[in-house]
Amino acid sequence: MLLNLSRCYERKPAIYRLLVLILVIGWVGCSPNSASKNPSDANAEKIDENSGAASGLDSKTGDGDASVPSDGGTSASPIPAGSSASPSTPPSATTSADSVALKGLLEQCIATYQTLKSYEDEGVLQLSIPYPDKPLVQTRPLAVAFERPRKLALWTPQLRSSWKPQTFESIAGDAEFKPFENQRVVRPLPDRITWSWLLDDHLGVLLHRRVWGIPITIELLLAGTPLQDWLDQGEFRKLEDDTFDSVLCTRVEVLLEKSPFVLWIDAKRNLILRVEMPIESVFPLPQPLPESVDRSKCQFSIDLVNARINHAIDWSGWTLPESDSDLLVRRFVDPPLRNIPKELGTKPKPVLLRGPANQDVLDTTARGKRVTVLHWIDDSETSRAFVDDVYRFQKSLQERGLSAFCEVCLVSDKSADRMAVTMKSWNCDLPVAIESNGELGGQCGVTNYLTSVILGPDGSIQSIDPVTDFAMLLSKVQAVQEGEDIAKRFLKVAVDDEARYASRLHRNVLDKEQIAKMKPEHQEIAPFPLSFHRIALDWRTELEHSTVSAAGEWFPNQSISSYLRAESLFEKKDNAFRLATLLDDQGKIWSVDQAGKKTMISSVAIAQATDAKRIHVLPDPWTHHYVAIIPEGLPRFWYCVSPVSSTPSWTPTDAAQIPLEAGESAIGAAWACKEGVPILCIITDRQRFLQLNPATTKLDISRSTSNSPTSSIVGVVPKIDAKGVFASWKTTWSDRTVQDIPTLAQTSESSVGAIAGVETDELAFMPEVGNWVWGQGASESYLVGLEKMPSGETGAVLMNRQYQPLFRQVLSVRPEQCKLLAATQTSQSKFYWLATAPNRVLHLQSVDAIPDQMSFGKRVYGATLLADGEKLRMVVVLEDEVSCWTLEEIDAKP
């Protein structure tokens, strides 16, 4: 059962976001007694006494909160069975002045909710339809508890959420239906829960879904302008007063797009105790409403039972159940659709079916090399309409010249005599095969009428469609006729979707320990391809020793002129244009050029790096003549010279080692550039900022200072012009401040173009440690950096030249596995950037194309992205190989 709200949802989201609150799966086929117990039930799990759950109110009630005298609550009553009044009760004569007064009453209610210190109810969602044969009565929980500024609990039909002293946690589903399997969302608890945090954060997607919904009281309590659509566009009329939950209520009808909603208002406390909604909001109904059913007797309502305000909430009744098998994640991850029939791709055993006149109609062993499309029907009027569609489908086959390669046949389990009469009455001359015991349908996975099945030329089941889309069916037939095994493709998609699901789980789990709670098939990320790009292998180079660390070569717009644009590299006949650099477990440093040729360029004493937390390889992107090796957690780093295309011959030498202070470690590094000379910038955990000129070996050391004693440098970033070319360099800090680097000021700054816009000394987001990438888009230049998100996740943030965020993409919970690798612009001016998160998943992002992901099923040590006309080239370094791939956008196939 779904909710019929598509017409109004986009134009008036507030109304339906608030009022449409059921998960339909829970409604159908349940008895009236199947509703869950109230949150205050004595059997609910208790919060630990030492958990810090307060029984009283906070001393501060949040921004803009006002103190309101406590009225307490009404006495609890059983779930109401309705009332003597109904939505169709004739309204009292309502004048214009009365309408203004009723609107004013709603405004008073809104003002009250905005200033409450606490609120709690035992709300339920009621659906009652008096079907003549079997009346339907359903009840589902829809309860809320809230205490300013940050204590909140929700209980909706399939979602439960509650606060803890440090976290806000959510689970979905129940014992019968778990849409997210064993996932449990754990988020940092903000200092103040707001409407935007709730909807923009991890629950927003769920609470916006029309089949999930959010309690109306949440918007009333948290939103800045709640129910604004009601106030702006509603027509208000007064109905007769009536009693609900032992309270005499003022009943107000609000007409929205000719749909009546009735509010039951406790005028003494200015609380909404009930919202009645038109039964038309529920679609489709479990069964059509007969004409004899009195619609005024139908009930679809939100009943906010036992509403209490400004009181001390007993939070022990709102504790979420916990299990050792709970998979702790930062946000819910949708499992893939697992509806691929097991029969797909198999070959049915030979079957001979006869028609109504006992003639041979379908012999599965004598079909030749033709495609066969089977349609299962009965003798109902629904099947008759379906057969009309089959005729149109057959005509489309003829128009496309496919009829010579494809036969169409109807199949029915009704008796031969019965179907003979039916076919004659329908004036249908399509062949009909009669199966008495499901001898073919059983092998094809057919469970209902109006199912369509495609048998390929080899007799294998290529497609099973319980709900037939004839346009899609036509495309499938053409693909099969052209020789494609679409069953194999569908099965491959299912396998790939499971791998994508596993990758999303790995990105969202709180820590490594959670991996053991995943299903065995999800504990490792299996290979899966890009979804929206065709990928073809150009070359692959195997490595003799295992990779320890690597990086792809990045080509920002200001690389030396001999490199030109990146696509020129693939047109050159000579090699030695380095595209990847790697460090192996023997301490040897290798470069790989655009033809896949590897060259040893230097070496380090690997024993002096084995205790590092992580090792970073940083090629110089400006002259491509230097490489830095940065071991995290150790008091040293290395750099070496690398050959460029003009180097006639090369003799590898040991990399130069630069010692740090005892116990000191680099926490970040980046290559800046001054007057065409690359400068290696090192950030240490002792607040030292090092600048190394590898050409002169000069090392400048300074102490980083900030207005905040706890702030530290997290990155070195450029200020770029409209062409994506840097003009100056800045440091970003953990407190979001941005500072110039005077020693890297460009004396010929005007030569790279003027920097437009207002200078900023503070970012609009919290930066994470890591390098940025940048470049030129179709209409402006962009930068991409890593963001430490309030959710506890690390994301990529796309910015304009003034560092103003334009787009955010969540990458992973674990920041150490999030890396921005490269950025480039195609000849069509499409701006792309490449990232990893976690280290087995590559993210291809763009402001001009759909984000894409893929995995080789192995750890990616380094990668880069280069433009090649309209296409992209991607170079990837794995543990045992380096490979180059061509990427091209594709259209989705049917």
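The values are calculated or read from the model by the stated rules, or taken from the named source; none is laboratory data. Every value quoted in this text rests on a predicted model; they were computed, and no experiment measured them. As a convention, Cβ positions derive from the backbone with ideal geometry for all residues, glycine included, and neighbour counts pool all protein chains shown. Accessible surface is based on the protein model in full, side chains and every heavy atom, while ligands, DNA and RNA are left aside. Shrake-Rupley method; radii C 1.70, N 1.55, O 1.52, S 1.80 Å.
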For Glu176, placing the label point 7 angstrom along Cα-to-beta-carbon and taking the stretch 131-152, residues whose amide nitrogen sits under 12 Å are 138-140
State, as an integer percentage, the relative contact order of the stretch 352-496 based on alpha-carbon contacts under 8 Å between residues 6 or more apart. 28 percent
Straight-line reach from Lys723: which aspartates and glutamates have a Cα under 13 Å away, not including same-chain ones fewer than 8 places off? Glu780
For Thr541, the net charge from surrounding residues (Cβ-Cβ under 9 Å; K, R +1; D, E -1) works out to +1
Let me know the whole percent of all Cα-Cα pairs from the stretch 367-416 that are separated by more than 17 Å. 40 percent
Thr886/Thr243 FRET efficiency (R0 56 Å; Cβ-Cβ; nearest 0.05): 0.15
Close lysine pairs (the stretch 352-496; alpha-carbon distance under 24 Å; 8 or more apart or on separate chains) counted at 8
Can you give the log10 of the normalised intensity I(q)/I(0) at q = 0.11 Å⁻¹, computed with Debye over equal Cα scatterers of the stretch 96-329? -0.62
How far apart, in nanometres, would the label points at Ala605 and Gln657 be if each is projected 7 angstrom from Cα along the Cα-to-Cβ direction? 0.3 nm
Taking θ as phi - 60°, what are the ³J(HN,Hα) couplings along the stretch 729-737 by the Karplus curve (6.51, -1.76, 1.60), each to the nearest whole Hz, with x for Gly and Pro? 10, 9, 9, 9, 10, 5, 9, 6, 6
Once you put a point 7 Å from the Cα of Thr696 and another 7 Å from the Cα of Asn437, both along the Cβ direction, what distance in nm separates them? 9.4 nm
Sequence-distant residues sharing a close amide H with Asp245 (under 5 Å, placed H): none
Placing unit charges on C-beta atoms (Lys and Arg positive, Asp and Glu negative, everything else neutral), compute the dipole magnitude of the stretch 351-509 about its Cα centre in debye, rounded to 20. 420 debye
Considering all projection directions equally, how large on average is the shadow of the alpha-carbon convex hull of the stretch 582-675, in square nanometres? 6.9 nm²
How big is the accessible area of Glu482 in square angstrom, nearest 10, if you roll a 1.4 angstrom probe over the protein chains? 130 Å²
Quick one: grab the alpha carbon gyration tensor of the stretch 352-496, order the square roots of its eigenvalues as a ≥ b ≥ c, and give me rounded if a/c is under 1.5, else prolate or oblate depending on whether a/b is larger than b/c. prolate
Per-selection Rg to Rh, the stretch 422-506 - Cα, Kirkwood hydrodynamic radius: 1.08
Excluding Ala672 itself, what net charge comes from residues whose Cβ is under 13 Å from its Cβ, given Lys and Arg +1 and Asp and Glu -1? -1
Simple label model, 7 Å out from Cα along Cβ direction - Ser325 to Asp585, nm: 3.7 nm
Give me the Kirkwood hydrodynamic radius of the stretch 106-199 in Å, from all C-alpha pairs, to one decimal place? 15.6 Å
Per-residue ³J(HN,Hα) for the stretch 816-829, Karplus 6.51 cos²θ - 1.76 cosθ + 1.60, θ = phi - 60°, Hz, x for Gly and Pro: 5, 9, 9, 9, 8, 9, 5, 9, 7, 10, 7, 5, 8, 6
Solvent-accessible area of Val847 with every protein chain in place, 1.4 Å probe, in Å² to the nearest 10: 60 Å²
Starting from the amide H of Asn771, placed 1.01 Å from N in the peptide plane, find each other amide H under 5 Å away whose residue is 5 or more places distant or on another chain. Leu820
For the stretch 712-863, one quarter of the surface area of the C-alpha convex hull, expressed in nm², comes to 9.5 nm²
Just add up the charged neighbours of Trp772: K/R +1, D/E -1, any other residue whose Cβ is under 12 Å from the Cβ of Trp772. +1
Give me the extension gain from Leu337 to His545: residue separation times 0.36 nm, minus the current Cα-Cα distance, reported in nm with one decimal. 70.8 nm
For Asn310, what residues show an amide H to amide H distance below 5 Å, using hydrogens built from the backbone and excluding near sequence neighbours? Lys117, Ser118, Tyr119
Rounded to the nearest 10 Å², what accessible area does Tyr449 have for a 1.4 Å probe in the complete protein model? 80 Å²
Loop sites in the stretch 124-202: GluC sites (Glu not before Pro), DSSP, at most 13 other Cβ within 10 Å: Glu176
Members of Lys268/Lys297; Lys698/Lys730; Lys613/Lys819 lying beyond 22 Å, as alpha-carbon distances in this model show: Lys268/Lys297
Okay, which of the stretch 261-280 sit inside 20 Å, backbone N to the point 7 Å along the Cα-Cβ direction of Gln108? 262-275
Let me know the volume per residue of the alpha-carbon convex hull for the stretch 388-453, in Å³. 95 Å³
Rounded to a whole number, the Stokes-Einstein D of the stretch 308-353 in µm²/s (Kirkwood radius over Cα pairs; 4 °C; 1.567 mPa s) is 74 µm²/s
Determine which residues of the stretch 763-793 fall in the zone a paramagnetic label at Phe807 would reach in this model, i.e. backbone nitrogen under 18 Å from the point 7 Å along Cα→Cβ. 772-787
